[in-house]
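Below is one structure, written out as structure tokens, with a few remarks after it.
The values are calculated or read from the model by the stated rules, or taken from the named source; none is laboratory data. These numbers come from a predicted model, not from an experiment. We place every Cβ from the backbone using ideal geometry, glycine too, and count neighbours over all the protein chains shown. Accessible surface is based on the protein model in full, side chains and every heavy atom, while ligands, DNA and RNA are left aside. Shrake-Rupley method; radii C 1.70, N 1.55, O 1.52, S 1.80 Å.
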Amino acid sequence: MSTAWEFLFFCFCLLTAFGITLTPNGSGVVRVVVKEGSDAILPCSLSTKENAESKLFDWKKDGRKEVFFYDAGLHYNNGRPGQDQQFKGRVSHFQDELKYGNASIKIRNTKVTDSGDYSCDFPRLQPRQIFHIQLVVVGASPEPYVKTLNQTQDVALLQCEVLGASSKPTVEWQDSAGNKLPAEEPQVSERGGSFYIILQTTVMKTDNYRCVATQEEIRHQIYTEIYVYICEKLFSKGDVTRWFFGGIILGAVIVVAVLALLVATKFITVRRNKAVERQGNR
Ligand SMILES: *[C@@H]1O[C@H](CO)[C@@H](O)[C@H](O)[C@H]1NC(C)=O
């Protein structure tokens, strides 16, 4: 027991000696998740909070691509060469934050290919400090594709397909009031890092149904609607009297309308005849 603790402590000292900073989530890596096309802020702050304006720090992606380099005021956005083509014109630091030891950067208009492991390195500090940030850029799922697979007299089988989402969205069917409909287990497959999901449901009422895809981690939600007409039985019990009286009223309305039309027609005829007579008199 005690030797195990001693061993752990020894490891910890070793890590610290090599300048690896452990962050609270245990893995030593901060995870940032953003939606494709939006901006990402990758955090990096010196534990000592000492002024970094005159220091040197270097941001790299996957240990080789140069993302952002700062050396006492000189950096990639004011003349220093060497930045990787992928990040040209898209990365900036926070000048006013440097004096608090904050060397965070912002990557604008992120692409899925920006996903990866980033490091923020202060190689000249004693001890050296390196921070690791994992960036995940999630492609937003496109509008679901919905169709009626099969329809009989009183039920319809609806299918929703969500194609090409780079993080697995939850997919559900809802009625027009927003209630979740019971559905089959979704069929999920993965192809080249993209998810492909199919969800079927059976409905028995005429309504506007929607299939909703949600990606919680990037607060993205998108849906497609489909109108389904189910031929409900007309002459069920209780409907007969309603149709009977409805028919009588409709009949009465038609009779009145026809009478009115007849009167109007006659009136017009009379006036036209009079006009003709007048012309004849001249
Ligand atoms: C560092 O600066 C960024 C940008 O202003 C900010 O979002 C972040 O919270 C700051 N970090 C700390 C630890 O103050």
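Tell me, please, whether a residue that is more than 30 Å from Tyr196 (Cα to Cα), open to solvent by less than 40 Å² (accessible area, probe 1.4 Å) and modelled with pLDDT under 85 can be found in the stretch 251-262. Checking the stretch 251-262: at least one residue is more than 30 Å from Tyr196 (Cα to Cα), open to solvent by less than 40 Å² (accessible area, probe 1.4 Å) and modelled with pLDDT under 85. For the stretch 88-116, the candidate set comprises residues that are of a type in the set (Gly, Ala, Ser), touching a residue at least 40 places away in the same chain (Cβ under 8 Å) and within 11 Å of the ligand (Cβ to nearest atom); within that set, the residue that is nearest to Phe57 (Cα to Cα) is Ala103. Taking the criterion of being within 19 Å of His132 (Cα to Cα) and of a type in the set (S, T, N, Q), would at least one residue in the stretch 71-81 satisfy it? No; the residues of the stretch 71-81 include none that is within 19 Å of His132 (Cα to Cα) and of a type in the set (S, T, N, Q).
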